[in-house]
Amino acid sequence: MEDQILLTMRGVSKTFPGVKALDNVSITLRKGEIHALMGENGAGKSTLIKVLTGVHAFEEGEIRLDGFDEPIINHTPIEAQKRGIVTVYQEVNLCPNLSVAENLFIGREPKTKLGYIDWRKMNKLSRELLKRLDIDVDVTQTLENYSLAIQQMVAIARAVDMDCKALILDEPTSSLDENEVSKLFVLMRHLREKGVGIIFVTHFLEQVYAVCDRITVLRNGEFAGEYTVAEMPRFKLVATMLGKDVDDLDSIKPEGCESNCDEIAVEAVGLGHKGTIKPFDFHIRKGEVVGVTGLLGSGRTEMVRCLYGADHAQSGTLKMKGKVLKAKAPIDSIKSGMGYLPDDRKADGLISELSVRENIVLALQARQGVFKTLPLAKQYELADSFIEMLHIKTATRETPVSQLSGGNQQKVILARWLCTHPDFLILDEPTRGIDIGTKTEFQKLILKFASEGMSVVFISSEIEEMLRTCTRMCVMRDGEKVGEIDGEMTQEIVMSAIAGGEEK
Amino acid sequence: MSSQKWGAVVGFLKRVVKMKMFLPFFCLILVLLINLIKSPGFFSIDIKNGVLFGRLIDILNRGSEIAILAVGQTLVIAVSAGTDISVGSVMSLSACFCCMSLAGYGVSSTNTLAIPMILGILGGILMGGICGVFNGTLVSKLKIQPMVATLILFTAARAIGLLLCNNQITYIRYEPYKYLGNFIPGCPIPTSIFVTAGVILVVAILLKKTSLGLYIQSVGINKRAARLLGINSSKIIFLCYVICGLCAGVAGIVASSRIYSADANNIGLTFELDAILAVALGGNSMAGGKFNLAGSIIGAYTIQAITTTLFAMGVSTDQAPVVKAIIVILIVALQAPVFKTWFANRSLKGKSQVKETVGA
Ligand SMILES: Nc1ncnc2c1ncn2[C@@H]1O[C@H](COP(=O)(O)OP(=O)(O)OP(=O)(O)O)[C@@H](O)[C@H]1O
Ligand SMILES: [Mg+2]
């Protein structure tokens with residue numbers, strides 16, 4: 001079965017107005033292999049996948065699939081699916097207002113003899129399917145009640161349950177924790193044994209070395225090479241992706257300013273929101289970077305939403321620089337110097353049809369108020385400086401943000417909050433989908449802002465990233481803050497604290 | 001050589017076609033062109049009795065109400081992805097309130113005013129604003145679907161107007177009251193054109209000089225995200241409905257002034273449909289978000305041009321809506337994404353065929 005070619009794309013080119021997204025790109029997928037597709041943000045990975053599955057038309061090149069004599073062209077994702085190519089796209093595109101079970105079986109619902117949907121069977125199958133992935137949810141609940149990570153898992157579960165020859169996963173792990181990632185890997189290895197070819201997009205190098213057999217690297221829309229994982233050490237892979245060497249990630253270390261600032265920036269006592277987060281205490285000093293960690297669904301996001309006032313706190317008090325803050329809506333928090341980058345960029349962050357510039361300046365504009373419009377010149381200046389600082393790959397600053405690649409959209413939202421320069425910034429998975437080069441620079445930027453006096457709360461499913469930037473961590477479990485880790489922090493200490501220490 | 005030239009022309013045309021104002025303009029010009037062919041006298045403008053006279057002037061004059069309504073409707077659609085279907089009825093209510101307060105309750109015809117005219121007019125406009133407050137509260141605070149929320153006033157407002165006027169048509173036989181819908185002595189241009197220009201100007205300045213336009217678009221595109229980044233989404237939605245109500249009020253006064261009376265049953269009848277259509281013809285998405293005010297206004301005059309044309313051609317009042325519907329279907333279909341991709345695919349196919357022949 002080895003080396004039997006399943007799918008080839010040869011010399012594929014795709015142009016968007018003003019952008020050559022793919023230029024003569026090729027990829028070969030063999031049966032029973034996991035093939036990593038790597039490249040910087042905007043390199044063309046998602047576009048290549050969308051061209052393959054018929055979301056976008058392409059201008060040049062050919063696609064060949066095992067079992068078809070002629071080159072194939074998929075005109076719609078459904079056509080691709082019928083040919084055995086199943087895809088999980090980068091942005092979760094399920095129906096948020098349908099139940100989990102409906103999302104899993106939409107388009108292939110089990111029917112009763114009379115031709116009606118067999119709900120009981122569908123729910124039962126759904127429960128079994130999710131159980132295999134160890135996901136504990138009520139399948140009759142609507143999907144939007146669940147976190148982005150769960151939604152991502154549901155999308156994956158739906159895909160792996162369909163019979164397919166080729167499975168394509170575009171950054172499926174971007175908001176998953178280590179636990180879920182390892183479950184996914186078990187599944188992927190199982191499919192590989194059955195002879196399925198898997199294309200796997202990720203920005204996490206360790207994941208590539210954990211499951212992949214082969215790597216195709218794209219750079220700026222061009223094919224940069226195909227390698228086996230064995231012949232490709234980490235530093236060489238990074239260099240190939242960027243086209244240059246980068247400084248080592250580990251060279252940055254949190255300096256913090258624990259010693260010299262004792263000024264409390266934000267203090268919460270008994271803050272809580274019914275149904276999502278039990279009352280908790282929290283404080284952060286000026287210039288401190290504090291992490292919030294915990295398993296999927298442990299209440300990390302809910303905790304920071306409560307701090308920010310996105311969910312109205314029903315109990316407790318919040319003090320900002322010593323003054324009590326009663327936020328009725330996010331704008332009150334923003335005016336008192338807060339910022340909040342939500343984890344679900346599509347649902348809570350992006351204003352998709354507006355331009356990159358408008359998306360960047362919006363929060364600042366909202367803080368200034370409707371009557372004090374930022375002068376255009378100032379807006380241009382801000383947009384340009386952040387496009388440069390965060391390497392946002394966009395045709396122009398007036399390009400609709402929906403036309404950017406996933407990672408670049410994330411950078412735009414980051415820029416939105418950095419440009420308000422808040423005293424207290426909450427970052428929920430800020431580096432989701434961002435490539436390694438930019439990630440390092442972003443972490444440096446956060447530490448620089450902290451040293452200038454900004455207090456930062458940082459959530460990341462990547463523990464290493466938090467270890468690099470945080471001086472202290474809050475541990476969450478089951479919607480409750482169960483403790484803090486201070487002083488010495490290592491991967492092991494944090495992991496055992498998250499899992500519940502002695503209990504496990 | 002000539003093919004190169006041709007290519008440049010095609011390229012230029014393609015760029016023009018892609019401009020967002022292309023379709024609204026194209027439709028308007030198309031309608032006017034048909035007129036030019038059919039009745040060459042269409043474009044002539046004369047001066048009769050000291051005022052401008054001609055079909056073009058007629059379109060500008062008669063299109064005023066639709067244009068004013070379209071301004072408010074554009075904002076409502078942009079911010080809430082829903083339509084305010086009460087505007088026609090609100091026009092009628094505003095007119096009735098204005099006439100009732102000018103004539104006094106129960107008076108069916110008057111030569112003298114009970115209160116100064118300006119107060120009556122402002123009262124009528126305010127009445128529209130109050131209707132907007134009602135709609136806005138239902139939509140933004142109680143989260144009722146726009147169509148359902150405005151259905152209430154769609155049915156009720158006209159009836160309330162009738163009640164205010166004691167179930168009769170109230171005539172204001174006071175010369176200055178006719179000015180708004182007709183002519184101010186000494187000025188050859190219909191007054192309603194100035195009123196429309198005024199409304200457009202006020203709203204345009206509001207959108208340009210403040211960040212309201214940006215806020216409306218943000219809320220219309222992603223309400224949740226807009227709230228999280230500091231925009232009070234429900235306040236912005238509320239505001240748009242109030243502006244829409246005020247616009248309906250102004251339109252109602254103009255319509256009333258034309259017939260110097262408040263005819264509760266007929267003022268603004270089916271105008272909500274024309275207003276919504278104007279927004280659609282202007283190339284605006286009914287799904288909300290980005291909007292184009294100028295497009296809506298051109299859309300409004302296009303509708304009026306169609307109506308005027310049909311009358312000019314002698315299509316009877318009963319059949320005019322049928323012809324209008326057909327034209328509208330054509331125009332809206334032209335703008336549908338399905339057609340756009342079809343056109344794009346066709347031109348692509350054309351290209352690849354050319355390539356093949358070149359290769360061979
Ligand atoms: N619909 C679109 N319209 C115009 N340009 C687009 C569109 N989609 C993608 N692009 C452009 O194509 C290029 C490649 O984007 P793509 O989404 O394939 O990147 P990617 O490799 O998936 O990046 P990421 O890691 O950030 O997801 C980018 O420059 C992007 O701006
Ligand atoms: Mg991508």
Restricting the first residue to region B:131-153 and requiring it to be within 11 Å of B:F238 (Cβ to Cβ), which pairs with a second residue that is charged (D, E, K, R) meet a Cβ separation below 7 Å and a spacing of at least six or different chains? B:N135/B:D84
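Residues being among the aliphatic types (A, V, I, L, M), in a helix (DSSP H, G or I) and open to solvent by less than 20 Å² (accessible area, probe 1.4 Å): count how many of those fall in region A:460-504. Steps first, please.
Start the filter on region A:460-504 by keeping residues that are among the aliphatic types (A, V, I, L, M), which leaves A:463, A:466-467, A:473, A:475-476, A:482, A:485, A:489, A:493-495, A:497-499.
Those still in the list that are in a helix (DSSP H, G or I) too: A:463, A:466-467, A:493-495, A:497-499.
Cutting the leftovers down to open to solvent by less than 20 Å² (accessible area, probe 1.4 Å) gives us A:463, A:466, A:494, A:498.
Going through region A:460-504 one residue at a time, the tally reaches 4.
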Extreme residue, farthest from the other protein chains (Cβ to nearest Cβ), among residues of region A:87-134 that are away from ligand 1 (no atom under 16 Å from the Cβ), touching a residue at least 24 places away in the same chain (Cβ under 8 Å) and polar (S, T, N, Q): A:S126
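Would you mind listing the strands (runs of 3 or more DSSP E) fully within region A:12-86 where at least 2 residues are open to solvent by less than 10 Å² (accessible area, probe 1.4 Å) and within 16 Å of ligand 1 (Cβ to nearest atom)?
Working: elements: A:19-30, A:34-38, A:60-65.
Once the strands (runs of 3 or more DSSP E) in region A:12-86 are filtered for at least 2 residues that are open to solvent by less than 10 Å² (accessible area, probe 1.4 Å) and within 16 Å of ligand 1 (Cβ to nearest atom), what remains is A:19-30, A:34-38.
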Tell me, yes or no, whether region A:433-456 has at least one residue that is closer than 21 Å to A:N41 by Cα, surrounded by fewer than 24 Cβ atoms within 10 Å (Cβ to Cβ) and among the acidic types (D, E). yes
Can you tell me which residue is farthest from ligand 2 (Cβ to nearest atom) among those in region A:415-447 that are touching a helix residue (DSSP H, G or I) at 6+ places or on another chain (Cβ under 6 Å) and among the polar types (S, T, N, Q)? A:T420
Of the criteria (1) at the interface with chain B (Cβ under 9 Å from one of its Cβ atoms); (2) open to solvent by less than 10 Å² (accessible area, probe 1.4 Å), which one A:G369 fails: (2)
Lone unmet requirement of (1) closer than 24 Å to B:Q304 by Cα; (2) without any contact (Cβ under 8 Å) to a residue 60 or more places away in the chain for B:G104: (1)
Which condition from (1) in contact with a Gly (Cβ under 7 Å, 6 or more places away or on another chain); (2) open to solvent by less than 70 Å² (accessible area, probe 1.4 Å); (3) not hydrophobic (A, V, I, L, M, F, W, C) is the one that B:Q145 breaks? (2)
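Residue under question is A:T112, and the condition is that it be open to solvent by 30 Å² or more (accessible area, probe 1.4 Å) and hydroxyl-bearing (S, T, Y); does it hold? Break it down into steps so the answer makes sense when it comes.
Values: open to solvent by 30 Å² or more (accessible area, probe 1.4 Å): yes; hydroxyl-bearing (S, T, Y): yes.
So A:T112 passes the test.
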Within 14 Å of another protein chain (Cβ to nearest Cβ), out of contact with any His (no Cβ under 8 Å at 6 or more places or on another chain) and more than 16 Å from ligand 1 (Cβ to nearest atom) - does that describe any residue in region A:427-437? yes
Please tell me if B:G288 is within 14 Å of another protein chain (Cβ to nearest Cβ), outside any helix (DSSP H, G or I), open to solvent by less than 10 Å² (accessible area, probe 1.4 Å) and at positive phi. yes
Considering region B:194-229 alone, what residues qualify as being more than 15 Å from the chain's Cα centre (by Cα) and either among the polar types (S, T, N, Q) or on the phi > 0 side of the Ramachandran plot (or both)? B:T210, B:S211, B:Q217, B:S218, B:N222
Per the filter on region A:175-202, residues aromatic (F, W, Y) and assigned to a helix (DSSP H, G or I) are A:F185
Filter region A:400-414 down to the residues that are in a helix (DSSP H, G or I) and near ligand 1 (Cβ under 8 Å from one of its atoms), then identify the one that is surrounded by the fewest Cβ atoms within 10 Å (Cβ to Cβ). A:S402
Regarding A:V25, is this residue farther than 16 Å from A:G406 by Cβ, within 16 Å of ligand 2 (Cβ to nearest atom) and not polar (S, T, N, Q)? yes
Selection from region B:11-52 of residues that are outside any helix (DSSP H, G or I), surrounded by fewer than 14 Cβ atoms within 10 Å (Cβ to Cβ) and among the hydrophobic types (A, V, I, L, M, F, W, C): B:M19, B:I45, B:I47
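Do the conditions hold for A:E358, that is, is it on the phi < 0 side of the Ramachandran plot, of a type outside the set (G, A, S) and either open to solvent by less than 30 Å² (accessible area, probe 1.4 Å) or facing chain B (nearest Cβ under 10 Å) (or both)? Write out each step before concluding.
Values: on the phi < 0 side of the Ramachandran plot: yes; of a type outside the set (G, A, S): yes; either open to solvent by less than 30 Å² (accessible area, probe 1.4 Å) or facing chain B (nearest Cβ under 10 Å) (or both): yes.
So A:E358 passes the test.
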Against the definition (within 12 Å of another protein chain (Cβ to nearest Cβ) and open to solvent by 10 Å² or more (accessible area, probe 1.4 Å)), how does A:V324 come out, yes or no? no
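Could you tell me which of the residues A:N145, A:N103, A:N93, A:N123 is touching a Cys at 6+ places or on another chain (Cβ under 7 Å) and of a type outside the set (A, V, I, L, M, F, W, C)? Steps first, answer last, please.
On the way: A:N145 fails: touching a Cys at 6+ places or on another chain (Cβ under 7 Å); A:N93 fails: touching a Cys at 6+ places or on another chain (Cβ under 7 Å); A:N123 fails: touching a Cys at 6+ places or on another chain (Cβ under 7 Å).
After applying the criteria, what remains is A:N103.
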For region A:188-210, enumerate the residues that are in contact with a helix residue (DSSP H, G or I) (Cβ under 8 Å, 6 or more places away or on another chain), open to solvent by less than 30 Å² (accessible area, probe 1.4 Å) and away from ligand 1 (no atom under 16 Å from the Cβ). A:M188, A:L191, A:I198
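Among the residues of region B:151-160, is there at least one that is open to solvent by 60 Å² or more (accessible area, probe 1.4 Å) and more than 14 Å from B:L93 (Cα to Cα)?
Initially, region B:151-160 is screened for residues open to solvent by 60 Å² or more (accessible area, probe 1.4 Å), giving B:151-152, B:154-155, B:160.
When the remaining residues are screened for being more than 14 Å from B:L93 (Cα to Cα), the result is B:151.
Yes; the residues of region B:151-160 include at least one that is open to solvent by 60 Å² or more (accessible area, probe 1.4 Å) and more than 14 Å from B:L93 (Cα to Cα).
The values are calculated or read from the model by the stated rules, or taken from the named source; none is laboratory data. Values in this document were obtained by computation on a predicted structure and should not be read as measured data. So basically every Cβ, Gly included, is an ideal-geometry build from the backbone, and we count neighbours across all protein chains shown. All accessible areas refer to the heavy atoms of the entire protein, side chains included, with ligands and DNA or RNA removed. Shrake-Rupley method; radii C 1.70, N 1.55, O 1.52, S 1.80 Å.
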